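Structure record follows, encoded as structure tokens.
All of the numbers you see were taken from the coordinates with simple rules; none came from a lab. Predicted model only: the values in this text are computed from it and were never measured. So basically every Cβ, Gly included, is an ideal-geometry build from the backbone, and we count neighbours across all protein chains shown.
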């Protein structure tokens with residue numbers, strides 16, 4: 001009986017801690033959004049983070065986009081050729097990239113490269129008490145540290161997604177047309193006739209939602225690294241960084257399904 005009671009107490013404590021964490025996470029997002037309009041100015045800081053999130057992710061986005069398009073061109077050609085529909089290759093590659101693979105793979109790549117670094121950077125500030133020092137100087141840490149990263153993420157994710165889509169479409173062209181011999185006119189005509197504003201709109205909506213999720217989760221995990229455990233050590237930063245990447249990646253996939261089911 002005592003063992004059963006202890007289990008119920010532990011289960012209740014675990015549930016309350018999760019509810020507390022969700023509430024704190026929601027308030028964290030509200031503070032970050034509210035900090036967009038608070039001084040000090042964010043122009044220089046935002047430009048720095050645009051460079052970090054956008055420019056420094058450009059190579060991995062181009063590389064991933066090229067090979068994603070090449071795989072789609074290869075698989076699409078052999079699948080469509082079985083039905084004599086090679087002329088639909090351009091439509092298949094472009095729609096797959098613009099509606100689905102472009103925003104999702106871009107978000108996952110940026111999460112692994114930039115999201116982890118953002119979490120680790122803020123986590124180190126936490127354990128070194130730099131965030132507490134900002135509060136002592138009457139500087140809102142949400143406005144100073146978090147809000148510029150949100151602005152940079154919202155700007156960079158759609159742009160990186162667009163680059164991914166374009167590179168991927170040319171990668172599909174290189175394999176499907178130049179290597180396998182599909183008709184180039186049919187490839188581009190299929191893209192022209194099949195891709196509409198609704199498809200592009202869905203891709204951009206996904207990119208914006210993924211940007212908010214990635215920056216929100218990464219900054220939150222870093223901001224509260226070691227706070228609950230009270231140890232404030234390097235191990236807490238490592239755990240927070242791992243949690244940020246895993247939770248962000250899972251959230252991206254879940255949000256992708258939800259957005260697709262709404263906008264289809």
Margin query: Show me the three semi-axes of the equivalent ellipsoid for segment 144-211, from the C-alpha gyration tensor (sqrt of 5 times each eigenvalue), largest first, rounded to whole Å.
Written below: 33, 14, 6
Next item on the list: Could you give log10 I(q)/I(0) at q = 0.25 Å⁻¹ for segment 1-80, computed by the Debye formula over C-alpha point scatterers of equal weight, without solvent?
Entry: -1.09
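Taking a quarter of the surface of the convex hull around the Cα atoms of segment 97-147, what do you get in nm²?
Value for segment 97-147: 4.1 nm².
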Check: So what's the back-of-envelope 222 nm ellipticity for the chain, counting only DSSP H runs of four-plus at -39500 (n - 2.57) apiece and dividing by all residues, rounded to 500?
Finding: -25500 deg cm²/dmol
Next item on the list: Within 10 Å of each residue's Cβ, count the other Cβ atoms and sort 44, 127 from fewest upward.
Entry: 44, 127
Checklist line | Quarter of Cα convex hull surface for the chain, i.e. mean projection, nm² | finding: 18.5
Note to self: At a threshold of 8 angstrom on Cα-Cα distance, excluding pairs fewer than six apart, so keeping six or more, what relative contact order does the chain reach in percent?
What the structure shows: 31
Next item on the list: Using a/c under 1.5 as the rounded threshold, could you call segment 109-264 rounded, prolate or oblate? The axes a ≥ b ≥ c are square roots of the C-alpha gyration tensor eigenvalues, and prolate needs a/b larger than b/c, oblate otherwise.
Entry: prolate
Next item on the list: Quick one: order 61, 47, 98, 247 by neighbouring beta-carbon count within 10 Å, fewest to most.
Entry: 47, 247, 61, 98
